[in-house]
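Reading through the structure tokens given below for one structure.
The values are calculated or read from the model by the stated rules, or taken from the named source; none is laboratory data. Not measured: the values here are computed from a predicted model. When we count neighbours, we look across all protein chains shown, and the Cβ atoms used for this are built from the backbone with ideal geometry, even at glycine.
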Amino acid sequence: MRDLDSFEQNSHQDLKFLFVVDINYFYKIMNICCIGAGYVGGPTMAVIAKKNPSIEVTVVDINAERIAQWNSDVLPVFEPGLDEIVKSVRDKNLFFSTKIDEAILKADIIFVSVNTPTKTYGVGAGRAADLKFVELCARRIASVVDQGKKIIVEKSTIPVRTAESIKAVLAANSSGAEFQVLSNPEFLAEGTAIADLENPDRILIGGDTTPEGKAAVETIVSIYEKWVSRDRILTTNLWSSELSKLVANAFLAQRISSINSISALCEATEAEVDEVALAVGRDSRIGPKFLKASVGFGGSCFQKDLLNLVYLSEHFGLPEVAEYWDQVIKMNDWQKKRYGQKIIQSLFNTVFDKKIAILGFAFKKDTNDTRESAAIYICKDLLEEQAQLSIYDPKVEGEQVIEALGLQEDEGNLLGVSVVNDPYEAAKDAHAIAILTEWDEFKALDFQRLYDNMVKPAFVFDGRNLLDINRLRKIGFEAYGIGK
Ligand code: UDX
Ligand code: ADP
């Protein structure tokens with residue numbers, strides 16, 4: 001039996017459902033545990049808790065500092081709207097804890113939302129996803145649970161057929177418990193996570209096609225049905241669900257690499273990439289989204305998922321498929337490199353000892369995440385040429401910038417990296433400003449004031465096509481966008 005609340009609210013669907021799924025396989029949902037309190041686990045569980053007041057949700061992590069932050073006034077993840085939701089449900093039906101085993105034991109459903117970075121060692125290094133954290137979770141669950149039924153849900157981005165490994169680990173290590181392993185990939189984008197969670201294009205749930213598998217899938221459906229209409233909840237087999245996540249990210253990344261390749265062609269001709277994107281995107285078969293030329297895509301997902309897809313294709317003996325998707329990454333790498341080179345060439349082929357203001361370090365606006373940010377690569381290239389960088393980002397802390405650049409704290413000073421709290425300070429006495437993240441606040445900067453305090457000729461490199469280049473030129477700047 002499920003809790004009465006959800007039974008009453010969904011009685012029509014539940015009745016329909018009872019005819020197709022054996023009542024014995026019905027799961028009682030009272031308690032959810034999510035392993036991993038990161039960018040995905042935290043926001044997703046906050047929204048699930050808010051929409052399901054009768055379910056108790058506990059988010060656990062091995063990182064005690066992170067858990068303490070989730071329990072404090074300053075959350076470890078910056079996302080518009082997240083603070084309000086967390087405050088409204090925290091310590092009511094949403095809990096953050098380091099007591100992992102306790103939460104696993106109590107839970108009917110366990111979401112696994114740990115990090116799956118690209119492997120840095122051994123077979124598949126640089127391409128395959130490192131599943132050691134996922135496997136550790138499966139082993140921990142197996143060691144703690146020895147009776148009853150539990151649903152394990154993969155939320156982390158993972159390669160296809162990971163569920164199989166989780167199942168094998170659970171089966172070999174647990175005595176007496178029954179597990180159903182499902183895939184429920186997350187499609188939220190950082191910076192708009194709460195809006196994406198509250199109003200998703202679709203929810204995808206994959207599971208076994210056995211009666212037990214179907215019942216488990218319907219249990220997860222019932223959680224989302226509290227706020228998402230049934231026609232937006234897709235249920236598939238496990239492998240389709242796992243693969244769809246990789247493919248969705250690969251298609252999105254491909255669009256960006258496509259428009260970025262055209263940005264280079266625009267620079268060589270008289271075409272303007274934003275005009276081309278507008279004209280192309282008006283074709284309803286193509287659509288206007290994800291056609292913004294940039295310094296290159298970043299974030300924890302795109303590159304990792306593309307690499308994964310390449311690795312999988314090779315593994316299954318499909319080198320042509322692997323090569324096709326590999327090109328999307330190569331184009332992105334080239335765009336990042338190209339942008340750094342453009343800055344160096346424009347500054348008379350040397351940035352030695354020149355101060356350059358870097359505005360924006362996060363991989364996109366409205367997040368404090370810097371994973372795979374294009375800014376990291378561009379800054380490193382400029383540092384190699386011995387530029388002096390003064391970096392400002394509205395949400396990224398200095399320590400995080402230094403770490404992302406692979407520097408020690410004191411090394412930063414030695415190499416000429418300073419992280420400042422004010423964009424005007426960053427640009428003071430600088431030769432150039434490089435906009436690397438599209439933060440809205442950069443549009444409102446007083447560019448006359450910035451210009452007056454810079455070395456002349458003063459340059460702006462707008463790596464996000466955020467600013468009015470002609471207005472900057474009128475002030476006196478040597479101004480460059482992307483693809484124009
Ligand atoms: C992505 C997917 O969008 C999301 O569905 C999935 O769950 C996780 O991966 P995310 O990486 O958070 O989300 O952000 P996204 O908005 O996709 O942006 C990724 C990168 O592409 C950013 O660096 C962004 O600046 C860049 N981008 C995006 C462009 O350069 N141009 C565009 O038109 C869109
Ligand atoms: P994502 O963007 O996928 O959410 P994050 O790196 O932000 O990735 O979050 C993943 C979280 O998972 C981290 O806080 C990390 O400490 C946690 N984690 C990793 N392995 C385990 C584990 N075995 N048990 C509990 N938490 C884990």
> Of A49, A37, A103, which residue is crowded, with 17+ Cβ neighbours inside 10 Å, more than 16 Å from ligand 2 (Cβ to nearest atom) and closer than 30 Å to Q147 by Cβ?
Replying inline: A49
> Before we move on, is E186 acidic (D, E), at pLDDT below 95, touching a Leu at 6+ places or on another chain (Cβ under 9 Å) and closer than 28 Å to F363 by Cβ?
Replying inline: yes
>> Among the numbered criteria (1) away from ligand 2 (no atom under 16 Å from the Cβ); (2) touching a residue at least 12 places away in the same chain (Cβ under 8 Å), which one does A362 miss?
In response: (1)
> What number of residues within the range 142-159 satisfy the criterion of being away from ligand 1 (no atom under 16 Å from the Cβ) and more than 23 Å from P43 (Cβ to Cβ)?
Replying inline: 9
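Yes or no, residue by residue, for (1) in contact (Cβ under 8 Å) with a residue 24 or more places away in the chain; (2) within 30 Å of W325 (Cα to Cα):
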| site | (1), (2) |
| --- | --- |
| N52 | yes, no |
| E79 | yes, no |
| L82 | yes, no |
| K106 | yes, no |
| A128 | yes, yes |
| L131 | yes, yes |
| R140 | yes, no |
| T162 | yes, yes |
| K167 | no, yes |
> So which residues in the range 138-170 are part of a loop (DSSP other than H, G, I, E, B), within 13 Å of ligand 2 (Cβ to nearest atom) and among the small types (G, A, S)?
Replying inline: S156
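Every residue, every condition in (1) within 14 Å of ligand 1 (Cβ to nearest atom); (2) more than 28 Å from E372 (Cα to Cα), yes or no:
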| site | (1), (2) |
| --- | --- |
| T120 | no, no |
| V169 | no, yes |
| S183 | yes, no |
| F187 | yes, no |
| T192 | yes, no |
| L197 | yes, no |
| L204 | yes, no |
> Taking K289, is it closer than 27 Å to Y339 by Cβ, at pLDDT 95 or above and among the charged types (D, E, K, R)?
Replying inline: yes
> For the range 248-298, which residues satisfy the criterion of being under 18 Å from the mean Cα position of the chain (by Cα) and surrounded by fewer than 16 Cβ atoms within 10 Å (Cβ to Cβ)?
Replying inline: F251, K289
> Within the range 378-404, which residues are touching a helix residue (DSSP H, G or I) at 6+ places or on another chain (Cβ under 8 Å) and surrounded by fewer than 22 Cβ atoms within 10 Å (Cβ to Cβ)?
Replying inline: D381, L383, E385, P394, E399, I402, A404
> If the Cβ limit is 6 Å and pairs must be 6+ apart or interchain, which residue in the range 319-336 that is of a type in the set (S, T, N, Q) pairs with which residue that is assigned to a helix (DSSP H, G or I) and surrounded by 15 or more Cβ atoms within 10 Å (Cβ to Cβ)?
Replying inline: N332/S257; Q335/N260
> Restricting to the range 54-71, what's the tally of residues that are within 9 Å of ligand 2 (Cβ to nearest atom) and either surrounded by 17 or more Cβ atoms within 10 Å (Cβ to Cβ) or without any contact (Cβ under 8 Å) to a residue 24 or more places away in the chain (or both)?
Replying inline: 4
> Does the range 287-324 hold any residues that are farther than 26 Å from A404 by Cβ and within 16 Å of ligand 1 (Cβ to nearest atom), and which are they?
Replying inline: G287, P288, K289, L291
> Which members of the range 301-347 meet the condition of being surrounded by fewer than 19 Cβ atoms within 10 Å (Cβ to Cβ), polar (S, T, N, Q) and out of contact with any strand residue (DSSP E or B) (no Cβ under 9 Å at 6 or more places or on another chain)?
Replying inline: S313, Q327, Q341, Q345
> Across the range 190-236, which residue is farthest from ligand 2 (Cβ to nearest atom) among those that are of a type in the set (K, R) and within 23 Å of the chain's Cα centre (by Cα)?
Replying inline: R232
> touching a strand residue (DSSP E or B) at 6+ places or on another chain (Cβ under 9 Å) and not in a strand (DSSP E or B), is that true of A375?
Replying inline: yes
> Any idea how many residues of the range 230-258 are farther than 30 Å from S294 by Cβ, touching a Lys or Arg at 6+ places or on another chain (Cβ under 8 Å) and at pLDDT below 95?
Replying inline: 1
> Which residue out of T116, T120 is within 21 Å of the chain's Cα centre (by Cα) and more than 9 Å from ligand 2 (Cβ to nearest atom)?
Replying inline: T120
>> Anything in the range 164-189 that is crowded, with 21+ Cβ neighbours inside 10 Å, more than 21 Å from the chain's Cα centre (by Cα) and small (G, A, S)? List them, or say none.
In response: none
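Could you tell me whether N368 is in contact with a Pro (Cβ under 9 Å, 6 or more places away or on another chain), in a loop (DSSP other than H, G, I, E, B), within 16 Å of ligand 1 (Cβ to nearest atom) and within 30 Å of D305 (Cβ to Cβ)?
yes
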> Exactly one of (1) out of contact with any helix residue (DSSP H, G or I) (no Cβ under 7 Å at 6 or more places or on another chain); (2) within 12 Å of ligand 1 (Cβ to nearest atom); (3) closer than 30 Å to S390 by Cα is unmet by D333. Its number?
Replying inline: (2)
> Can you pull out the residues in the range 274-305 that are among the hydrophobic types (A, V, I, L, M, F, W, C), more than 16 Å from ligand 2 (Cβ to nearest atom) and in contact (Cβ under 8 Å) with a residue 12 or more places away in the chain?
Replying inline: V276, A277, F290, L291, A293, V295
